[in-house]
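Undergrad: Dropping a structure here in structure tokens format, bear with me for questions.
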């Protein structure tokens, strides 16, 4: 059984994951508006991944006998000056989410909720991957600088991303 404190915290995280999905859709729309279709595809796949995270948490709350309570999703920004600015925002956002996940793990440990702690370890690992991916793209964009050819190549590379939901654990 999920205690109320943990239930409320996971509900807040569900909202944060839905916001993440919404943010990445806004970034997708931005990239589409500036004809960077590969980067738009990468963001669309990222939005799907974040929605998957929210649903994974949603299902967990129900499996543990809790109640999901959805709240309003904040409006994300819609414009950025450069691709580097967008992906820097992605990295910063993922670092924030990592902090939120770590706070959930700490709460699960404080509450001696071992099932939730085990469940959250998947997200801890996922956040390592999320930060590494964003950091790599930021590094590449810094190397590219204002080189249009480099941007074209990276845009094509990022456009190859496909979302594949992880298998059920």
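Undergrad: Test of understanding: in a Gaussian network model of the chain with alpha carbons linked when under 10 Å, which of 128, 97, 61 would top the mean-square fluctuation ranking?
TA: Comparing 128, 97, 61 in the GNM, the peak value goes to 128.
Undergrad: Given R₀ = 35 Å, FRET efficiency for residue 118-residue 157 by Cβ-Cβ distance, to 0.05?
TA: In this case the efficiency is close to 0.50.
Undergrad: Pick from 154, 100, 109: which residue has the top mean-square fluctuation in a GNM of the chain where Cα pairs under 10 Å get a spring?
TA: 109
Undergrad: Only helical DSSP H runs with n ≥ 4 go in: add -39500 (n - 2.57) per run for the chain, normalise by residue count and round the 222 nm mean residue ellipticity to 500 deg cm²/dmol.
TA: Helix-only estimate at 222 nm: -26500 deg cm²/dmol.
Undergrad: Quick check: Cα centre of segment 142-169 to Cα centre of segment 89-106, how many Å?
TA: For segment 142-169 versus segment 89-106, the Cα centre distance is 22 Å.
Undergrad: Ok, one more. Please state the equivalent ellipsoid semi-axes for segment 1-125: what are the square roots of 5 times the Cα gyration tensor eigenvalues, largest first, in whole Å?
TA: Calculated on Cα positions only, the semi-axes equal 31, 14, 11 Å.
Undergrad: What percentages make up the Cα-Cα pair-distance distribution of segment 68-169 when the bins are 10 Å wide from 0?
TA: Cα pair-distance distribution for segment 68-169, in percent: 12, 31, 33, 17, 6, 0.
Undergrad: Build a GNM of the chain with springs between Cα atoms under 10 Å: which of 115, 12, 40 gets the top mean-square fluctuation?
TA: Looking only at 115, 12, 40, the largest GNM fluctuation is found for 115.
Undergrad: Could you check the simple spin-label distance between residue 3 and residue 139, using points 7 Å along Cα→Cβ, in nm with one decimal?
TA: Computed distance between label sites residue 3 and residue 139 equals 4.1 nm.
Undergrad: Let me ask you something else. For the pair residue 34 and residue 110, how long in nm is the line joining their label points, each one 7 Å along Cα→Cβ?
TA: Rounded to a tenth, the inter-label distance reads 4.0 nm.
Undergrad: With no solvent and one point on each alpha carbon, what is the Debye value of log10 I(q)/I(0) for segment 62-114 at q = 0.17, 0.18, 0.19, 0.27 Å⁻¹?
TA: The Cα Debye sum returns log10 ratios of -0.81, -0.85, -0.89, -1.10.
Every read-out reported here was derived from the displayed coordinates using simple, explicitly stated rules and does not represent laboratory data. Remember, predicted model here, so these are calculated numbers, not experimental data. For neighbour counting, all protein chains shown are included, and Cβ atoms are generated from backbone atoms with ideal geometry for every residue, glycine included.
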